[in-house]
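Step one of this worksheet: look at the structure below.
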Amino acid sequence: MLTGANSVEEGIKLYQELSHLLETAKFTLRKWSSNSPEILAAIPEPLKDDRTSLELEPSKATIKTLGLSWEPRSDYFRFTVPQWSNSTEINKRIILSDFARLFDSLGLVGPVVVQAKIFIQNLWKQKCSWNETLGEDLQQWWKDFRHNLADLATLKVPRWLAFDNSIVSLEIHGFCDASEKAYGACIYLRCTSFDGQVTVNLITAKSRVAPLDDVQRKRKKISIPRLELSSAVLLSHVYEKVVDSLRVKAQPYFWTDSTIVKCWLSSTPSRWQMFVANRVSEVQHLTRTGTWNHISGSENPADVISRGMTPERLANHHTWWHGPEWLRNPRNFWPKGNTTDAEELDQSLLEKKSTIAVPVQLQVPNDTFKLRSSFLALVRIAALCRRFTYNCSNPASRRKGYLSYQEREEATLALVRLAQSDSFAEDKEEILSRGQVSPSSRLKSLHPALGRN
């Protein structure tokens, strides 16, 4: 079990209730650990865990994966570097086996892992078998990568995101970016306390490699603006999971350094071609409670995860762990961003939906449809008019009271016929004179005919 509490009293109560609940079924919870000495003091010694570090992501395999460890006393996350194969010759099989041990569920070292993703994608271009030894340059790159991962053992990430009862404002800031090789997104939690102190910490991150061009399937390489839009989609999905996990009320802000993506997201999806329109619609739906803003590429922390970084540099990269420096300033010091109009951008990159102008013969619509803006109200008026005509012709059997279902159906049918007469006047004349529409009619495939009534 992995859980937490906002206070020592709540933590002790949680321990007591859980222990009592499971003890009724003869299940004894053991190996309790906490970063609070007060909570540990309330737990009997036989039930405590005496380990100084706890594996949060234990592997079921015989070789431990690169997972998170938690040091209760210091309240920091640490990374456990796996033991690699002793084979002197490296092939595809060994590389995939090594990569399977790199497990970073929160994406905290995403810029390091994305390097391996890009390398494996490029490795797939090599037409070699699983057990065939790779070239010297490829083998050396992978050996250097495994060697550099040892620097992750010294990396310490605070577990606590710095929000508690003293916080007066919570904000979620998401950043996305893309390069020719990969795209990614990262999310930060910005907390403002009563005394005005602001803390910003990385919550999670995610990366994807850019799709390769496929000659056989005639699929070209995706353009940079489309990759930037894909990173916005990735950010939207990560944000959705973060909100569901944290379950706190926080104002979201989303940032991109692409003016084209900003233009796409600020317009209706119907303006763009299908690839862009579908993704814009999805992003707008998932991030409807927040706002999209523009920043420069040098201030975007997601640039790190889209290009990759060595563990040594990542450990000291303040922007990656705590976001841009301006996030710790008041809102009026944040970047204003570009307000570039769509007409000022490259129209070929915007991928506007092309429209075909077809000359049509305009007809004056029937004034009946101007009586009401609601169709149901119009049906009611038409039904009352038809009742008046019926009552005038049949005084002995006058219709009274509420409109019946049959009267409304007859009124609806009359309005449909009236609309057909306005919109398809020529087709109706063709049917009356020839019994069918002309071969050039748009209704030819529907085989229209006169109704019985």
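The values are calculated or read from the model by the stated rules, or taken from the named source; none is laboratory data. Keep in mind it's a predicted model, so treat the numbers as computed, not measured. Quick reminder, even Gly has a Cβ in these numbers, built from the backbone with ideal geometry, and neighbours come from all protein chains shown. Quick note on the areas: whole protein, heavy atoms, side chains included, nothing else; ligands and nucleic acids left out. Shrake-Rupley method; radii C 1.70, N 1.55, O 1.52, S 1.80 Å.
What the table below lists for this structure:
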{"read-out": "Residue in segment 348-369 that is open to solvent by 70 Å² or more (accessible area, probe 1.4 Å), assigned to a helix (DSSP H, G or I) and modelled with pLDDT of 80 or more present", "value": "no"}
{"read-out": "Inter-residue pairs, beta-carbon under 8 Å, first under 13 Å from SER231 (Cβ atoms) and in segment 298-316, second hydroxyl-bearing (Ser, Thr, Tyr) and surrounded by 21 or more Cβ atoms within 10 Å (Cβ to Cβ), 6+ apart", "value": "ASN300/THR256; PRO301/TYR188; ALA302/SER231; ILE305/SER207; SER306/TYR183; SER306/SER207; SER306/SER231"}
{"read-out": "Residues located in segment 145-185, provided they are open to solvent by less than 70 Å² (accessible area, probe 1.4 Å), free of Cβ contacts under 8 Å to residues at least 40 places away in the same chain and either farther than 27 Å from VAL242 by Cβ or not in a strand (DSSP E or B) (or both)", "value": "PHE145, ALA162, SER166"}
{"read-out": "Single residue of segment 81-99 satisfying the filter (open to solvent by 50 Å² or more (accessible area, probe 1.4 Å), in a loop (DSSP other than H, G, I, E, B) and farther than 23 Å from ALA153 by Cα) that is modelled with the lowest pLDDT", "value": "THR88"}
{"read-out": "Residue among SER296, SER223, SER230, SER270 that alone is under 13 Å from the mean Cα position of the chain (by Cα) and of a type in the set (Gly, Ala, Ser)", "value": "SER230"}
{"read-out": "Residues of segment 283-338 classified as closer than 27 Å to SER193 by Cα, of a type outside the set (A, V, I, L, M) and in a helix (DSSP H, G or I), total", "value": "12"}
{"read-out": "Residue count for segment 370-379, restricted to those that are loosely packed, with under 14 Cβ neighbours inside 10 Å, part of a helix (DSSP H, G or I) and at pLDDT 75 or above", "value": "3"}
{"read-out": "Answer residue from segment 203-226, given it is of a type outside the set (A, V, I, L, M, F, W, C), modelled with pLDDT of 70 or more and in a strand (DSSP E or B) and is surrounded by the most Cβ atoms within 10 Å (Cβ to Cβ) among those", "value": "SER207"}
{"read-out": "Total residues in segment 64-80, condition open to solvent by 40 Å² or more (accessible area, probe 1.4 Å), touching a Lys or Arg at 6+ places or on another chain (Cβ under 9 Å) and either under 30 Å from CYS128 (Cα atoms) or not acidic (Asp, Glu) (or both)", "value": "4"}
{"read-out": "Residue match in segment 108-120 (condition: polar (S, T, N, Q) and surrounded by 12 or more Cβ atoms within 10 Å (Cβ to Cβ))", "value": "yes"}
{"read-out": "Residue tally, condition open to solvent by 50 Å² or more (accessible area, probe 1.4 Å), under 48 Å from the mean Cα position of the chain (by Cα) and not acidic (Asp, Glu), over segment 380-417", "value": "6"}
{"read-out": "Test for ARG288: is it of a type in the set (D, E, K, R) and free of Cβ contacts under 8 Å to residues at least 40 places away in the same chain", "value": "yes"}
{"read-out": "Matching residues, segment 263-277, being touching a strand residue (DSSP E or B) at 6+ places or on another chain (Cβ under 9 Å), under 23 Å from GLU180 (Cβ atoms) and open to solvent by 10 Å² or more (accessible area, probe 1.4 Å)", "value": "LEU265, GLN273"}
